[in-house]
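Beneath this line is the structure, given in structure tokens, with notes to follow.
The values are calculated or read from the model by the stated rules, or taken from the named source; none is laboratory data. All values reported here derive from a predicted model rather than from experimental measurement. Because the Cβ atoms are built from the backbone with ideal geometry, glycine has one as well, and the counts that use them run over all protein chains shown.
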Amino acid sequence: MTNKKFGMVLFLMLLFVFGAKAQLTTSVRINEVLVVNEENFMDDYGHRHPWFELYNNSAGTVDLGGCFLTDDKNNPTKYMIPKGDVHTKIPPYQLTLFWADNEEQRGTFHVNFTFDPNKDNYVALYDSDGKTLIDEVTIPVGQKADISYGRSMDGSGEWINFTRVTPSANNITQNTNEKVENFQVNDSWGIGMTITAMAVVFLGLFVLYILFKQIGKASIRASQRRAQKAAAATGKVTSANAGQESGEIFAAISMALYEISDDNHDIENTVLTIRKVQRRYSPWSSKIYSLRQTPVLKK
């Protein structure tokens, strides 16, 4: 992969990551607000103050660090949520609570404004650029003590009053599972669930088969290209060295041909007969054939 292609892929990946982060940040919603807190939830210091909660209405973790909270439409950057605090990361479909006590020195989740029960109260969440409005709500005047103002469904729905206040918890607690009950009524034998599970498994296997097949084809094509390049390089070297054989090569070939031809023999008609010696001793080791005879004196 060339540097240009690598840079393009890296750019697209970064664009996707930052785009996903921005999308997740804009999915945060103001979920519930309590203006008058007399006998309700207390903060870590044991004090009761107005509070509001933010809900992550997405399937990814959202980091609110660097975003802004305000109660003034003309000052969208009134309170910046500090960066670097791990508690500002809201898991998927979870909530975090902020105290409107006008005492920001107490920590990350204590903002520099509070609510006045004798008038309408405004609260808004802005993105880290200080200009993009993520969510806002105006709490009507006349809120009663320990009765919150929140969404009928977490992250969505109309705003209503809750006599059952739920700080850092879901506004509506679901005690039943509609999907399970639906299966119990319409698929008591589990046949539909079995078919669905098998279809998902086989679909996944089919997708993997297609993926691996394409990877295999790409690998084969790459191997063929490498082989063609190697063959082309070998052909060039062979043609460049043609007609430049050394004399040693011809000498070796000549010697090999000579040895092959020298091993050929003429047809021989000689018959060699070996007879067994009648003597019991071996004539090869007999000394009588190696001794000189005693001269005979002739008279």
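Things to note:
- Hits in segment 45-71 (condition: under 17 Å from residue 112 (Cα atoms) and touching a helix residue (DSSP H, G or I) at 6+ places or on another chain (Cβ under 8 Å)): 45, 64, 65, 67
- Set side by side, the residues 120, 85 differ, and just one is among the acidic types (Asp, Glu) and at pLDDT 95 or above, which is 120.
- Considering residues of segment 44-62 that are assigned to a loop (DSSP other than H, G, I, E, B) and within 28 Å of the chain's Cα centre (by Cα) only, the residue nearest to residue 145 (Cα to Cα): 57
- Annotation note: of 92, 76, the sole residue that is modelled with pLDDT of 95 or more, in a loop (DSSP other than H, G, I, E, B) and either farther than 16 Å from residue 106 by Cα or not acidic (Asp, Glu) (or both) is 76.
- Inside segment 5-43, residues that are at pLDDT below 60 and either within 20 Å of the chain's Cα centre (by Cα) or β-branched (Val, Ile, Thr) (or both) make up a count of 8.
- The test for being surrounded by fewer than 17 Cβ atoms within 10 Å (Cβ to Cβ) and closer than 26 Å to residue 81 by Cα holds for residue 170.
- Within the span defined as segment 29-36, every residue fails to be of a type outside the set (A, V, I, L, M, F, W, C), assigned by TED's automatic domain parsing to the domain that holds residue 131 and outside any strand (DSSP E or B).
- Test for residue 150: is it out of contact with any Gly (no Cβ under 7 Å at 6 or more places or on another chain) and at positive phi: no
- Flag if residue 191 is among the β-branched types (Val, Ile, Thr) and modelled with pLDDT of 90 or more: no
- Enumeration of residues in segment 76-90 that are buried (at least 18 other Cβ atoms within 10 Å of the Cβ) and closer than 18 Å to residue 60 by Cα: 88, 90
- Any pair with Cβ under 8 angstrom, 6 or more apart, that starts in segment 45-70 at a residue that is not assigned by TED's automatic domain parsing to the domain that holds residue 146 and surrounded by 20 or more Cβ atoms within 10 Å (Cβ to Cβ) and ends at one that is not charged (D, E, K, R) and not in a strand (DSSP E or B): none
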